[in-house]
Amino acid sequence: MLEIRHLVKHFGPLKAVDDISFTVPRGEVLGFLGPNGAGKSTTMKMITGFLAPTSGTAIVCGHDIAAQPIPAKRCIGYLPEGAPAYPDMTPADFLDFIAHIRGYTGSEAKRRIGRVVEMIRITEVLHQPIETLSKGYKRRVGVAQALLHDPDVLILDEPTDGLDPNQKYEMRKIITAMRPEKAIIISTHLLEEVEAVCSRAIIIAHGRILADGTPAELAERSRHHNAVRLGVAAADPRVRDDLLRLPGVAAVEPVSDGEGEALMIFPEKGRTVVTHVADLARAHGWAVAGLRVERGRLDDVFREITTVPAEPASVAAAG
Amino acid sequence: MHNISTIFRRELASYFATPLAYVFIVIFLVMAGVLTFFVGNFFERGQADLQSFFTFHPWLYLVLIPALSMRLWAEERKSGTIELFLTLPIRMTEAVIGKFLAAWCFAGIALALTFPFWITVNFLGRPDNGVILASYLGSWLMAGALLAIGACVSATTKNQVIAFVVTAALAFLFTVAGSSIVLGMLQGWAPEWLIRATTQMSFLGHFGAITRGVIDLRDVFYFLSIMIAFLGANAILVDLEKAE
């Protein structure tokens, strides 16, 4: 459905995007992760035909975006960064304009506008100038515009930015509902969003793909993967020493967070230690408030991958 | 064609969505009136024509047309809507032409609203309405040429003030190209053909010829070719500069 082939973009001496390739089949929601300035938006701008790549290209529904921009653009719905829309228009006029440009007139335009307005819930602001709308409504108008023609490929640059938690939940539900019949790319800073909606995540930094896999696969690379959180008071040093002596335990660290005090027990790579920990706690009769195996944290992986200037080859996961 | 008309309608409506359209039209009419009656001595001349009305159009346009053209692309770039606009399934030429036609049509509306001058002169005497019609056409063509220059300049910046100032400066050069101001700068060093070509570029010269009532196809062709050249450059510049 969407194939990105060796995209490169230079801005003067700066390599904003440095040889990015991936494909997104129908039914996939690809999360595009990376720190600010990593090249996420630039990549999206090239896929949608706004920027011409320095080299490489994107194939959208079988059309090369450089060679056949019009048919390629027809099957893309795009929410640009910051959800720009004409400030002096009302959402009704704006969507009408988009419908006409997309080739729908009369009752067909009305039907399609009605459908997205319903879906994105912007009925109550339909006749207010866009410049007077809240950030959340502006974002939703931008998404409505991208969905109007029911595109096969949907590219959303930070679709939930500026939305409140309820609106975020709604937006994720909408994205998940559309997933089966579309190829979707969303860029985001929110790692919980990746876990909530994405079937696959790509982490990029400095214009390169550093990791590519399902959110679960990426989380496995976290040091918290299979770590055991043991809810005991950390004051007693003997507890830590006992835990450290268990087979397969690499480190024990005290943590204190919203859930209270606990010890985080990190296993050596590829080992699970939860049964040993449980047995030990029972044997010593510790007052355990809770015991949980961590799945791993995307934010760990994200920070580790994007802050260490590592060779991409050595950290790239098998996609 | 469908896309051009869709873009045209959106752009034209956007002039009227803000006070810009009304401010522009009112100021245009008031200034045209003041210049015609007080500076142009419309009544004292005692002639049944609109010469004193049309004479001032080039100078009026020098200030007002850049105000109309400055937002065409600069505003889209500033607000980021250019990214939305140019990722829609439209051709660059459709975008450029749709926007330009909206601005040109707006200028035409402003020009048409000067009809009370025409009524006045017909009430007072028997003017040659053919000449007046030709002058209107010439004035509209000149406005179109200036708008094309302005659209092209607007495509190079996000800043509408810069677009205004640069357009006004270019418009001034084109307007007075045949006068001693510009020719004086060229004389003495420029080759003969360049001086002759520059003289030919003058808006005043071509507009003046039309207002005398002779629609020479060469004058019409001149304004049309200025429009085509600058709109072509406009399309290329939008493409080149949009990354920034």
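The values are calculated or read from the model by the stated rules, or taken from the named source; none is laboratory data. Nothing here was measured: the structure is a model prediction, and the numbers come from that model. A quick note on method: Cβ atoms are made from the backbone with ideal geometry, for glycine too, and the neighbour counts reach across all protein chains shown.
General remarks:
- Qualifying residue in segment A:161-176 (condition: surrounded by 22 or more Cβ atoms within 10 Å (Cβ to Cβ), assigned by TED's automatic domain parsing to the domain that holds A:A196 and not β-branched (V, I, T)): yes
- As a summary of the residue check, B:A103 satisfies the conditions (1) under 15 Å from the mean Cα position of the chain (by Cα); (2) small (G, A, S); (3) closer than 30 Å to A:H149 by Cβ; (4) at pLDDT below 95 except for the one numbered (4).
- Candidates B:L60, B:L64, B:L88 - the one that is out of contact with any Ser or Thr (no Cβ under 8 Å at 6 or more places or on another chain) and free of Cβ contacts under 8 Å to residues at least 12 places away in the same chain: B:L88
- Within segment A:1-35, tally of residues that are polar (S, T, N, Q) and within 17 Å of A:C198 (Cβ to Cβ): 1
- All conditions but one from (1) of a type in the set (G, A, S); (2) out of contact with any helix residue (DSSP H, G or I) (no Cβ under 6 Å at 6 or more places or on another chain); (3) at pLDDT 85 or above apply to B:A190; the one that does not is (3).
Residues are listed down the side, and each one gets a yes or a no for (1) in contact with a His (Cβ under 6 Å, 6 or more places away or on another chain); (2) more than 30 Å from A:T306 (Cβ to Cβ); (3) surrounded by 12 or more Cβ atoms within 10 Å (Cβ to Cβ):
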{"site": "A:I204", "(1), (2), (3)": "no, no, yes"}
{"site": "A:V228", "(1), (2), (3)": "no, no, yes"}
{"site": "A:L243", "(1), (2), (3)": "no, yes, yes"}
{"site": "A:L246", "(1), (2), (3)": "yes, yes, yes"}
{"site": "A:V252", "(1), (2), (3)": "no, no, yes"}
{"site": "A:P267", "(1), (2), (3)": "no, no, yes"}
{"site": "A:A289", "(1), (2), (3)": "no, yes, yes"}
{"site": "A:E294", "(1), (2), (3)": "yes, no, yes"}
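- Being at positive phi and either within 11 Å of chain B (Cβ to nearest Cβ) or at pLDDT 95 or above (or both) is not true of A:G142.
- Filter result for the condition that a residue is surrounded by fewer than 19 Cβ atoms within 10 Å (Cβ to Cβ) and either more than 14 Å from chain A (Cβ to nearest Cβ) or not acidic (D, E) (or both), over B:F106, B:F37, B:F8: B:F37
- For segment B:45-60, a residue qualifies if it is among the hydrophobic types (A, V, I, L, M, F, W, C) and crowded, with 23+ Cβ neighbours inside 10 Å, and the qualifying residues are B:L50, B:F53, B:F54.
- Filtered by the rule that a residue be basic (K, R) and within 19 Å of A:M89 (Cα to Cα), segment B:63-92 gives B:R71, B:R77, B:K78.
Okay, residues lined up against (1) touching a Ser or Thr at 6+ places or on another chain (Cβ under 6 Å); (2) at pLDDT 95 or above:
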{"residue": "A:K9", "(1), (2)": "yes, no"}
{"residue": "A:V17", "(1), (2)": "yes, no"}
{"residue": "A:G27", "(1), (2)": "no, no"}
{"residue": "A:T54", "(1), (2)": "no, no"}
{"residue": "A:I113", "(1), (2)": "no, yes"}
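- Residue match in segment A:123-133 (condition: in contact with a Gly (Cβ under 9 Å, 6 or more places away or on another chain) and away from chain B (no Cβ under 14 Å)): no
- Test for B:R45: is it among the basic types (K, R) and away from chain A (no Cβ under 14 Å): yes
- Conditions (1) in the same structural domain as A:A278 (by TED's automatic domain parsing); (2) out of contact with any Asp or Glu (no Cβ under 9 Å at 6 or more places or on another chain); number of the one not met by A:H149: (1)
- Scanning segment A:29-51 for residues that are surrounded by fewer than 18 Cβ atoms within 10 Å (Cβ to Cβ) and touching a strand residue (DSSP E or B) at 6+ places or on another chain (Cβ under 7 Å) yields one hit, A:P35.
- Any chance A:L230 is touching a helix residue (DSSP H, G or I) at 6+ places or on another chain (Cβ under 7 Å) and more than 30 Å from A:R282 (Cα to Cα): no
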